[in-house]
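The numbers here are math on the coordinates, done by the rules we state, and not lab data. Since this is a predicted model, take the numbers as computed values, not measurements. Note: ideal-geometry Cβ built from the backbone for every residue, glycine included; neighbour counts use all protein chains shown.
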Amino acid sequence: MKSVSVKIAHADIKIRNENKMENQLSNSGQTVFEQIKKLDENKNEYWTARDLSKALEYSEYRHFKPVIDRAKEACSNSGYKVSNHFEDILGMVSIGSGAERKIDDVKLSRYASYLIVQNADPGKEIVALGQTYFAVQTHLQEIQQMETFRQLKTEEDKRLFLRKEMAEHNRHLAEAAKGAGVIEPID
């Protein structure tokens, strides 16, 4: 009898966990963050703030706006240009009878979305899942970049690849230094 009640309790926990996961996985096995990801005309991936606010279980968009503001501040403090990662756009919503109206929204890069989940309510399980998702996706992108490097045939190609990467990092460092008020280089 004990075995049956343990199996029932286990099945009940499994069902509750599966219901909880509804927001995280669809029937196709994609995370909610993959489901709401969009591609622009250049095949660059992006998310919208309104979609992300719903995915992160914010009851109203106005409660999500401070999260966006903190993420923008983190972006700026990291030396990145905010407008490269947070683009104000107009979305459309249905208001009934087939009519639509424009609403403010923000087009978010992967980096902006990552900053948002880092600045969202840490008490929400979906936020922790979002933090993991964007960290893993960033790591996968780094692995793909390393694979690209390994496939380069000549030392000259590898040197140019690394030089381009270093130039990009130096540009971000210079932007951060300028933003912090550094005027002259220190030896």
Which of the residues spanning region 75-109 are in a helix (DSSP H, G or I) and crowded, with 18+ Cβ neighbours inside 10 Å? Cys75
Among the residues that make up region 53-64, is at least one of them within 16 Å of the chain's Cα centre (by Cα), assigned to a strand (DSSP E or B) and farther than 14 Å from Asn119 by Cβ? no
